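Sharing a structure here in C-alpha cells format.
The values are calculated or read from the model by the stated rules, or taken from the named source; none is laboratory data. None of these values were measured; they are calculated from a predicted model. Every residue, glycine among them, receives a Cβ derived from its backbone with ideal geometry; neighbour counts consider all protein chains shown. These area figures cover heavy atoms from the full protein model, side chains too; ligands, DNA and RNA do not enter into them. Shrake-Rupley method; radii C 1.70, N 1.55, O 1.52, S 1.80 Å.
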Amino acid sequence: MAIIDTSISGSSVENRDLDISIGIDLPFYRSLGSDGYFATTKTTLSAVKNNLVNLLKTNQGERYLQPSLGINLKQFLFEPIEADTSDKLRLEIVSTISFWLPFVNITELRVDVGQGEGEFDRNSIKIDITFSLSDLPDMLESVQIEI
C-alpha cells in the first residue's frame, strides 16, 4: 500500500525525480529497462492506482496479519439485488478507501449492480472510480473494476 512520506514536506515523488521507482507495476511484466526484473511505476498517481485496484480486489481476511484490509465485493455479488445494494456498496467503498488510502480524494464513484441485457450482466458489479491525490488535486486518474 502507498503511504504518505512525512519526512519530505510538500512534494510528491513525481515532482522530484522521475528516475525513482515507486512500486511494481501491475499486472506483472518483465522490465526492458534499468528498473530491475519487473517493471515499476514512476509516479505516485500510477502507484496509487495499482494500490486502489488491489484494495478493491482483496477480500477481507485474505491478507495475512491485516484481516480488515479489502472489501468483500463477492459478498455483494451473491446477495439478492435490492434497491439499496448500490448505496451499500458505495458506502463500503468510500469508507474502506478513506481508511486505507486517506490521501485519495474520490471525485466520482459509479457503481452498477446487475444492470445489463445479457444473462451474465445481471450477475455482475461494475465500479468506476475517478480520483485524485490530496497533494495533486488537478491530476485525475480512474479505475474500473468488473466482477
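With charges only on Cβ, +1 for K and R and -1 for D and E, what is the dipole size of region 38-145 about its Cα centre, in debye, rounded to 20?
Dipole size: approximately 440 debye.
Expressed as a whole percentage, what fraction of the accessible surface of region 49-147 belongs to carbon and sulfur atoms when a 1.4 Å probe is rolled over the protein heavy atoms?
49 percent
Sticking with this structure for a sec: Any idea how far apart ASP112 and ASP138 come out in nm if each label point goes 7 Å out from Cα toward Cβ?
3.2 nm
At 7 Å along the Cα-to-beta-carbon direction for both ILE147 and ASN72, put a label point, then send me their distance in nm to one decimal.
Here the answer is 1.1 nm between the modelled labels.
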